[in-house]
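The values are calculated or read from the model by the stated rules, or taken from the named source; none is laboratory data. The model shown is predicted, which means the values in this text are computed figures rather than measured ones. Every residue, glycine as well, gets a Cβ built from its backbone with ideal geometry; the counts of neighbours run over all protein chains shown.
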Amino acid sequence: MSAQRGAPEVDAIVVGSGPNGLAAAVTLARAGLSVRVYEKNASVGGGAATAELTLPGFHHDVCSAVHPLALASEFFQRFGLADRIDLVVPEVSYGHPLPGGTAGLAYRSLTRTAAELGKDGPAWNRLFAPLVAHADRVAEFTGAQLLRLPRHPATALRFGLRSLEQGSPLWNLRFSGETAPALLTGVSAHTIRALPSIATAGAGLTLATYAHAGGWPIPVGGSGAIVTALVDDLLAHGGEIVTSTEVRRLSDLPTARVVMLDLTPRALLRLAEGELPAAYARRLRAFRYGNGVAKVDFALSDPVPWRAAGLRAAGTVHVGGTRAQIRRAENTVARGQHAEEPYVLVSQPSGIDPSRAPAGRHTLWAYTHVPCGSNIDQTEAIVRQIERFAPGFRDTILAKASRTATELEQHNPNYVSGDISAGEVSMSQLLRRPVLSPDPWRTPVAGVYLCSSSTPPGPGVHGLAGWHAALSALRHDLGVHTAPGLSPVAPRQTDQERTDRHERTRHEPNQEQETLWP
């Protein structure tokens with residue numbers, strides 16, 4: 001295994017340069033270690049990249065566009081992401097058009113949201129007020145491994161009871177109208193699973209809590225700005241990145257003390273063939289991948305002409321109609337079929353970030369859920385569904401670029417059969433992601449760690465999986481027992497200072513830094 005044979009050429013190797021891989025690399029480099037990142041593609045970023053996909057001057061986010069976790073993630077908080085890049089937070093975190101030309105709007109203000117929900121406003125407030133008041137505790141609970149005892153059990157209990165309610169056939173008891181349940185269903189459907197379920201309810205409650213607690217930020221210039229900040233920090237602390245290099249076997253890598261894999265369990269089985277214990281390999285083979293997405297990017301001549309004017313201020317719009325209609329669409333996909341009236345996630349970042357498109361023009365990001373491995377282009381289905389709530393939308397389209405679920409996997413192998421979550425988001429797989437273990441990032445192969453969305457806390461641009469994996473590697477294999485500082489104000493190190501600090505941290509933990517989690 002490359003992490004053990006001979007004298008190491010580098011302290012740490014990271015395979016994959018998505019946000020989690022880069023978070024692991026930054027954390028290790030900040031600990032004074034030499035770090036090298038290998039990326040299969042010619043550019044870095046994985047699911048957080050920005051490119052001209054339609055016409056010159058139109059900058060589209062390749063996968064993720066809106067980042068509810070950018071402010072809530074403990075890793076990004078420690079990293080000081082909001083101090084490194086410009087984040088615009090829309091007043092309306094997300095909106096939900098309904099038949100008849102009305103819409104539900106989730107403002108950053110919980111009070112305003114409840115006030116506009118009419119008779120269901122008090123119920124919405126009772127559902128979210130205890131969570132929003134302790135959003136940091138919700139983030140701590142949901143951003144860690146579920147097997148850990150929560151630091152704030154009362155918040156975890158409130159969250160759990162609400163997830164049980166909204167994840168069961170009782171999900172309509174709290175509400176009497178159409179708007180509030182549709183608004184919550186739209187955010188819960190991000191998980192690409194049948195509705196209702198505890199996992200979808202938990203995801204929806206988490207995202208909606210962040211919507212009211214701090215908002216859902218959009219990076220100025222595109223999601224690639226997040227990657228640029230991570231790359232700049234890595235390079236500033238001595239790390240290096242090698243692109244256009246596919247790793248086929250662990251044995252192909254240079255010698256290193258640890259190897260961090262921002263890859264799926266399926267990829268680990270291939271890279272470490274013959275090196276994994278049989279029982280562990282069986283558990284990896286049993287890891288399930290979920291249904292996928294099909295994505296379309298549009299260059300527009302004008303903003304989306306939503307019938308409900310309030311949607312024009314929303315950073316994200318969940319298109320699909322009533323709770324019952326979205327449930328029908330998502331459950332159709334769960335049965336392996338394409339929905340006739342699909343659930344569609346939509347974002348028009350150019351409305352709050354003019355740098356995304358030429359003056360007066362707009363970019364639109366949209367994807368819908370499809371059965372795993374689908375090779376059917378969903379452009380027409382998406383256009384038809386948006387047009388249902390925004391008559392005249394079709395006439396604004398200047399150009400479009402689409403990717404089927406299978407094409408998304410070709411671009412990023414972590415999206416197995418189009419599964420952008422890198423593994424089904426079910427309760428069982430949130431507990432065993434990818435295996436049931438107190439340290440699921442650590443594999444049985446000495447010095448090898450998984451740090452992708454296939455590990456806790458799961459999908460999203462948060463860097464937490466990479467950060468947790470790096471902390472585990474520091475503790476178990478690198479002799480470093482303190483968590484390195486990640487703040488942007490931390491001084492940059494010279495090569496000699498980095499070498500000296502590396503030797504110290506192997507033997508004398510820095511008492512000024514936070515002790516690693518046990």
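The table that follows gives values for the structure above.
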{"item": "Residues located in the stretch 410-435, provided they are touching a residue at least 60 places away in the same chain (Cβ under 8 Å) and more than 22 Å from Leu271 (Cα to Cα)", "result": "Val425, Ser426, Met427, Gln429, Leu430, Leu431"}
{"item": "Residue within the stretch 105-117 that is assigned by TED's automatic domain parsing to the domain that holds Leu184, farther than 29 Å from Glu387 by Cα and among the aliphatic types (A, V, I, L, M) present", "result": "yes"}
{"item": "Of the criteria (1) within 28 Å of Leu345 (Cα to Cα); (2) surrounded by fewer than 22 Cβ atoms within 10 Å (Cβ to Cβ), which one Thr245 fails", "result": "(1)"}
{"item": "Single match in Gly315, Gly336, Gly310 (criterion: assigned to a loop (DSSP other than H, G, I, E, B) and either in contact (Cβ under 8 Å) with a residue 60 or more places away in the chain or over 25 Å from Gly101 (Cα atoms) (or both))", "result": "Gly336"}
{"item": "Residue match in the stretch 228-242 (condition: in a loop (DSSP other than H, G, I, E, B) and in contact with a Pro (Cβ under 9 Å, 6 or more places away or on another chain))", "result": "no"}
{"item": "Conditions (1) over 19 Å from the mean Cα position of the chain (by Cα); (2) under 30 Å from Ala314 (Cα atoms); (3) crowded, with 24+ Cβ neighbours inside 10 Å; (4) of a type outside the set (Gly, Ala, Ser); number of the one not met by Pro56", "result": "(3)"}
{"item": "Those strands (runs of 3 or more DSSP E) lying entirely in the stretch 357-467 with at least 2 residues assigned by TED's automatic domain parsing to the domain that holds Phe76", "result": "362-370, 397-403"}
{"item": "Residue under evaluation Gly104, criteria (1) more than 30 Å from Ala465 (Cα to Cα); (2) assigned to a helix (DSSP H, G or I), criterion not met", "result": "(2)"}
{"item": "Any hit, the stretch 136-149, residues being more than 30 Å from Glu387 (Cα to Cα), among the aliphatic types (A, V, I, L, M) and without any contact (Cβ under 8 Å) to a residue 60 or more places away in the chain", "result": "yes"}
{"item": "Top-ranked residue in the stretch 196-252 [being out of contact with any strand residue (DSSP E or B) (no Cβ under 6 Å at 6 or more places or on another chain) and acidic (Asp, Glu); ranked as nearest to His59 (Cα to Cα)]", "result": "Asp232"}
{"item": "Residue satisfying condition, being modelled with pLDDT of 95 or more, in contact with a helix residue (DSSP H, G or I) (Cβ under 6 Å, 6 or more places away or on another chain), within 25 Å of Glu240 (Cα to Cα) and buried (at least 22 other Cβ atoms within 10 Å of the Cβ), within set Ala48, Ala23", "result": "Ala23"}
{"item": "Filter pass, Thr379 being in contact with a Pro (Cβ under 7 Å, 6 or more places away or on another chain) and among the β-branched types (Val, Ile, Thr)", "result": "no"}
{"item": "Residue check, Pro68 in contact with a Gly (Cβ under 7 Å, 6 or more places away or on another chain) and either buried (at least 19 other Cβ atoms within 10 Å of the Cβ) or more than 28 Å from Trp467 (Cβ to Cβ) (or both)", "result": "no"}
{"item": "Answer residue from the stretch 185-199, given it is assigned to a helix (DSSP H, G or I) and under 19 Å from Ser64 (Cβ atoms) and is farthest from the chain's Cα centre (by Cα) among those", "result": "Gly186"}
{"item": "Among the candidates Ala359, Ala294, Ala309, residue that is closer than 24 Å to Phe393 by Cβ and at pLDDT below 95", "result": "Ala309"}
{"item": "Index of the failed condition, Pro488 passing every other in (1) under 22 Å from His190 (Cβ atoms); (2) in a loop (DSSP other than H, G, I, E, B); (3) of a type outside the set (A, V, I, L, M)", "result": "(1)"}
{"item": "Qualifying residue in the stretch 249-267 (condition: outside the structural domain of Arg328 (by TED's automatic domain parsing), of a type in the set (Asp, Glu) and outside any loop (DSSP other than H, G, I, E, B))", "result": "yes"}
{"item": "The stretch 387-432: number of residues that are polar (S, T, N, Q) and out of contact with any helix residue (DSSP H, G or I) (no Cβ under 7 Å at 6 or more places or on another chain)", "result": "8"}
